[in-house]
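Please treat every number below as a calculation from the coordinates, not as lab data. All of these numbers come straight from a predicted model, not from anything done at the bench. Don't worry about glycine lacking a Cβ; one is built from the backbone with ideal geometry, like all the others, and counts go over all protein chains shown.
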Amino acid sequence: MARKTAVYSPARVSSDFLLDISAGRVAGWSHVNKFGHNPDVDMTPDEDIWELGGNYTGFITTPTTLEIFSSDANDTIDGTGAQTIEVQGLDSDFLEQTEQIAMNGAGTVVSVNTYIRVNRSFVVSVGSVGANIGAITIQDTQPVTLAAIAVNDNQTHQATYTVPTDKRGLITKIWSGIGTGSAAGVSTDIELLIRPVDEAFQTKFLLGLTSHWSHSPKPPITIENKSDVKLRSIGNSAANSNITGGFDIVLVDI
């Protein structure tokens with residue numbers, strides 16, 4: 001297959017290349033911001049930065065339809081909570097696809113499309129409460145959870161991502177912080193892990209954390225297509241710690 005060439009459009013450009021990418025002024029380039037939250041990181045074992053804690057379970061190997069449900073009956077199409085959500089993921093060929101799902105409270109709704117990854121999900125339409133009242137689960141048919149929306153969050157909080165097959169990723173920023181409710185003086189190490197297709201997870205960045213930090217690697221960290229990315233807390237010094245983190249990725253068409 002012929003390789004595409006990403007082109008910088010001359011129309012209405014600024015002196016800030018990343019700003020131009022976000023504004024859609026650079027043909028063949030786009031941007032993704034991923035952020036996660038783990039409200040209960042313990043001392044052992046190490047945990048990924050996502051809502052449910054422990055190891056992130058969504059890097060599955062077989063494409064599947066999705067089962068979506070809430071822990072509250074009011075998250076339904078005519079309810080007071082979440083009415084519809086959007087799922088953003090990858091199909092069996094690792095190409096991007098999106099789908100909107102009409103919620104049915106605690107009843108399971110099955111997606112039309114099949115997915116090998118779910119990179120993000122969020123509430124689109126909502127009732128009078130203004131947010132999802134229950135915890136929303138997005139799982140495969142095993143069941144294995146690919147994504148979750150915590151109560152009142154309206155959005156997944158998972159510092160995980162898989163690069164589509166027609167793109168290459170460039171990590172331009174990594175950040176993490178220790179949130180409220182953590183023990184005084186808590187510290188942890190934050191590890192950026194990347195797994196190229198058919199390989200093992202490899203550490204690409206590691207930094208000790210005692211409050212908050214951000215890092216903009218120069219040059220950016222390259223992620224090849226179909227690679228999985230995640231942030232992980234390792235060696236946490238106190239139980240029940242509240243850890244957040246995320247990363248920015250510039251995507252280039254290939």
For ALA238, residues with placed amide H under 5 Å, excluding near neighbours: SER187
Calculated from DSSP helices alone, with each H run of at least 4 adding -39500 (n - 2.57) and the total divided by the residues of the chain, [θ]222 nm to the nearest 500 comes to -500 deg cm²/dmol
To the nearest 0.05, what FRET efficiency results for ASP42 and LEU19 with a Förster distance of 30 Å applied to their C-beta separation? 0.15
Taking region 64-149, how much of its Cα-Cα pair set, in percent, is spaced more than 21 angstrom apart? 22
Label-point separation, ILE77 to ALA239 (7 Å along Cα→Cβ), nm: 4.6
Which residues qualify? For LEU146, with a placed amide H closer than 5 Å and at least 5 residues away or on another chain, they are ILE138, GLN139, ASP140
Per-peptide average of other Cβ atoms within 10 Å, ordering 212-221, 118-127 highest first: 118-127, 212-221
For region 206-213, just list the computed ³J(HN,Hα) in residue order, Karplus coefficients 6.51, -1.76 and 1.60, θ = phi - 60°, integers in Hz, with x standing in for Gly and Pro. 8, 8, x, 10, 10, 8, 8, 8
Two pseudo-spin positions, 7 Å from Cα along C-beta at ALA183 and at GLU96, lie apart in nanometres by 4.3
nm² value of the averaged projected area, convex hull over the Cα atoms of the chain: 15.1
Compute the length gained on full extension between THR62 and GLN202: take 0.36 nm times their separation in residues and subtract their Cα-Cα distance, giving the result in nm to one decimal. 48.2 nm
For a quick check: with amide H placed at 1.01 Å from N, whose amide H comes under 5 Å from ARG120's, ignoring anything fewer than 5 positions away on the same chain? GLN88
Output ordering of 141-149, 240-248 (per-residue mean of other Cβ within 10 Å, highest first) is 240-248, 141-149
